1. Based on DSSP H runs of at least 4 residues, each adding -39500 (n - 2.57), what is the mean residue ellipticity at 222 nm of the chain after dividing by all its residues, to the nearest 500 deg cm²/dmol?
2. Just rank 365, 107, fewest to most, by other beta-carbon atoms within 10 angstrom.
3. Taking 25 Å as R0, compute the FRET efficiency from the Cβ-Cβ separation of residue 201 and residue 445 and round it to 0.05.
4. Considering only C-alpha atoms, what is the centroid distance from region 165-220 to region 11-79, in Å?
5. What number, in percent, do you get for the relative contact order of region 88-345 if the mean sequence gap of Cα pairs under 8 Å and at least 6 apart is divided by its residue count?
6. For the chain, give the share of DSSP beta bridges that are antiparallel, in percent and rounded to the nearest 5; count only bridges with both residues there.
7. Label residue 452 and residue 102 with points 7 Å out from Cα along Cα→Cβ: what is the distance between them in nm?
8. How many angstrom lie between the C-alpha centres of region 247-282 and region 383-409?
């Protein structure tokens, strides 16, 4: 395989931080690989952009044709500290040379404990905590529900409009959007109920407190606190459209949960680990969840997730009731510790906030001359624009697809999301330079002009 490294730094490759197109996107080698994928991989496994990657680092992905693309996706918020970040590479190499697996439930190892200790320190609240490690966000969400049910001795779970919690049977029931996540895959797990979210752009001026009261009214009437084990919510919704609830919405739900012996679970799979300009999105509103779920950015690209929470709740599950063969794999734990060191040593929480300021300023300038941008929202390096038909708030998914496709052709990787398919979302790695970010925004300006 052709490599595209220019120099080597300790722990990983250094790539030229530049947009470079030497073929069309996708190029001929990527098209060959896409044909092989079609013949070998199940058709249900789709790709946003059929460009096959040979190297990645900082703010770029380099494909097999030699194109260097600007990365505004981070593998869906996974490579937050940058792809092949030096500390992560070194830690994984050292761990792989020592041992790759023993199963923590059989013969444990220190790095699992160290990750749990770090999570207990970093997550919101100064109460006594415990953590348990798993493989994926969906698996961690399921275990949070198990733990809440064990603690409360109740079974019902409340989630929200536009939610995304995963693709397993229980988490599909918890996820709101039908296509592509749920269609044809039922029946789903029972005792899952949906409440209205605070969605400021589409809520006609309803503030956070009123939106919380509206949701609580639905919960009390349709579920009943006496039956409810957990309220599970993304503090900023991910796949649902990067919806930031109005101030006071989360706090109102937490207060109600405390009074009614309901476990408040924050799904921070996409928002955690510095992504939003705070270590966790709950920190922005001073909300302290009972349980918090993390994954994605936790381990720099290796599969790891966690549930962290109040010791008395986490310890409610019986011995042996939590775990899994690969949960807290030693390579992933080594990576997670290196990610945490990188975030704290390199000031990446502050960097995420700065990225957000830069992007929002550029997007507001664009929106001032293009009324198809209905809303700009997000926090830190988790920013989105909701696209609508000009002069209305009617969702425009076709425009969203055209803008994304045009950006891809120009070498900028952007993602779409939203219940209505009309949201462009931006999740740049925190290692991206201001120059690359500005160049990506320049291209987006051009793309919006071209798609008028």
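Just so you know, all these numbers are worked out from the coordinates, no wet-lab data involved. No experiment lies behind these values; they were computed from the predicted model shown. Because the Cβ atoms are built from the backbone with ideal geometry, glycine has one as well, and the counts that use them run over all protein chains shown.
1. Taken over the chain, the calculation gives -11500 deg cm²/dmol.
2. Ascending Cβ contact count within 10 Å gives the list 107, 365.
3. It comes out at approximately 0.65.
4. Centre-to-centre (Cα) distance: 33 Å.
5. 31 percent
6. Restricted to the chain, the bridges split so that about 70 percent are antiparallel.
7. With each label point 7 Å from Cα toward Cβ, the separation is 6.5 nm.
8. Result: 29 Å between the Cα centres.
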